[in-house]
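See structure below.
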Amino acid sequence: MDVQNILVTGGAGYIGSHVLVALIASGYNPLVIDNFTNSSKKSIQNCQKITGKLIEVVEGDVGDVEILENLFTQKNISAVIHLAALKSVNESCVEPLKYFKNNVANTLTLVEAMKRNGVHNLIFSSSAAVYGNASVIPLTENCHTKPTNPYGASKLMCEEILKSLVTTCDGQGSDPWKIVNLRYFNPVGAHESGTIGENPRGAPANLVPYICEVANGHQERLKVYGDDYNTPDGTGLRDYIHIMDLAKGHVSALNWILKLEKNEKCCEVINLGVGRGISVFEMVKRFEAITGINIPLKVTERRPGDVAESYSSAGKAYSLLGWKTEYSLDQMLGSAWLWRSNYPRGYE
Ligand code: UD1
């Protein structure tokens, strides 16, 4: 069978670059569309070095109808992995319209182009942020969704749009939509080469990139946002997942939809997490143990909007896709540090 072309929107980003590596390792041919607002061309170059394959990239926006039309008419695209989006919770609270435009309106433009061109296979990048304050732990896909910020709301809106598309059979004919919404927990770490990774602009907001910034001396100390939560050590519990496990989850979802019967429709929501909550103090201790670097810290007020605990039930991803995580916490932290040591200031 011919190698299948998979369009990866946002393929140069943190998640995208690792998805490219996982797709190529599984025999797919990824094509990238990326506007490089929050990513670098260097990540594509490094993906090419890792995989030994040339990766075709179109520089442009997913909201650009003409670019999408050219891609879908000129390339024989089997499926789309839609990752291109804005992802800062804080920024989304300050500029919500920017988030709805980029994340929701652009998703609409993309699925309209897919529909016009008869491409009905889609893996969508959603987030555990759609759950908001968890009423039940661990979080299953059936748990109540109530995002607490515009970022999470934008992801949930996309999920709703995609669900309607499948259930109403809009424009499918005999070739129905097959869609998987992947709800990510907390992706951390980097490819084992340490040449692609998370490349935040400015001071990072997330825990592991921040710990690395303290380790390399760019930040003085880690602020621990509260040690008075109702958790074993008082700090927040999160479900940290190695970025390569997360990337492979996309390939498992893709394999699954591409094997469904041609006339079968589906819209599944699947959590991608390890299924275990780890505290801030535990993360710091493990980082110190494996790197030998002391991380000074200071406990401060809780960060507004933070929840005490958020971790997934990984059962559905395993039962439906046969996917489970393989990497340890030490591999997550070790690879994050390797990447940061190789690129102390990111790519540029
Ligand atoms: C955040 C986003 C979430 C996004 C995820 C991606 C918020 C409210 N949520 O989740 O939507 O999907 O990142 O990875 O921003 N912490 C500190 N000090 C720090 C940074 C974090 O103590 O400098 C703590 C937090 O309070 C939390 C844990 O570390 O308990 C993890 O924080 P973070 O990495 O920002 O992830 P989330 O808040 O879970």
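The values are calculated or read from the model by the stated rules, or taken from the named source; none is laboratory data. Small disclaimer: the values here were computed from a predicted structure and weren't measured. Because the Cβ atoms are built from the backbone with ideal geometry, glycine has one as well, and the counts that use them run over all protein chains shown. What goes into the accessible areas is simple: the full protein's heavy atoms, side chains included, and nothing from ligands, DNA or RNA. Shrake-Rupley method; radii C 1.70, N 1.55, O 1.52, S 1.80 Å.
All alpha carbon pair distances within segment 291-348 were sorted into 10 Å bins beginning at 0; the resulting P(r) in whole percents reads 15, 25, 37, 21, 2.
For segment 9-26 and segment 308-338, what is the separation of their Cα centres, given in Å? Centre-to-centre (Cα) distance: 17 Å.
The amide H of TYR184, built 1.01 Å from its N in the peptide plane, has SER126, SER127, ALA128, LEU272 as neighbours under 5 Å, considering only residues 5 or more places off or on other chains.
Positive end of the dipole of the chain (Cβ unit charges, origin at the Cα centre): among THR291, ASN206, SER88, the Cα lying farthest that way belongs to THR291.
Solvent-accessible area per residue in the chain equals 44 Å², computed with a 1.4 angstrom probe and all protein chains kept. Averaging the sequence gap over all C-alpha pairs within less than 8 Å and six or more residues apart, then dividing by the number of residues, gives the chain a relative contact order of 19 percent. Using a simple spin-label model with pseudo-atoms 7 Å out from Cα toward Cβ, VAL307 and ASP228 lie 2.2 nm apart. Model label sites at THR140 and LYS262, defined 7 Å from Cα along the beta-carbon direction, differ in position by 3.6 nm.
Both the radius of gyration and Dmax for the chain are 19.5, 60 Å, in that order, over alpha-carbon atoms. Would you please give the FRET efficiency between ASN117 and GLU192, computed as 1/(1 + (r/R0)^6) with r the Cβ-Cβ distance and R0 = 30 Å, to the nearest 0.05? Efficiency for this residue pair is about 0.25.
What ranking, highest mean first, results for peptides 42-52, 292-302, 118-128 when packing means the other Cβ atoms within 10 Å averaged over each residue?
On the way: 42-52: 18.0, 292-302: 12.4, 118-128: 22.9.
The packing order, highest mean first, is 118-128, 42-52, 292-302.
If you plug the beta carbon distance of LYS285 and VAL3 into 1/(1 + (r/R0)^6) with R0 = 45 Å, you get a FRET efficiency near 0.50. When the alpha carbon gyration tensor of segment 192-348 is reduced to an equivalent ellipsoid, its three semi-axes come out at 31, 20, 13 angstrom, largest first. Potential lengthening of the chain between VAL65 and LYS298 amounts to 79.0 nm, from the contour at 0.36 nm per residue minus the alpha-carbon distance.
Can you give the calculated 222 nm mean residue ellipticity of the chain, where each DSSP H run of n ≥ 4 adds -39,500 (n - 2.57) and the sum is split over every residue, rounded to the nearest 500 deg cm²/dmol? Calculated mean residue ellipticity at 222 nm is -11000 deg cm²/dmol.
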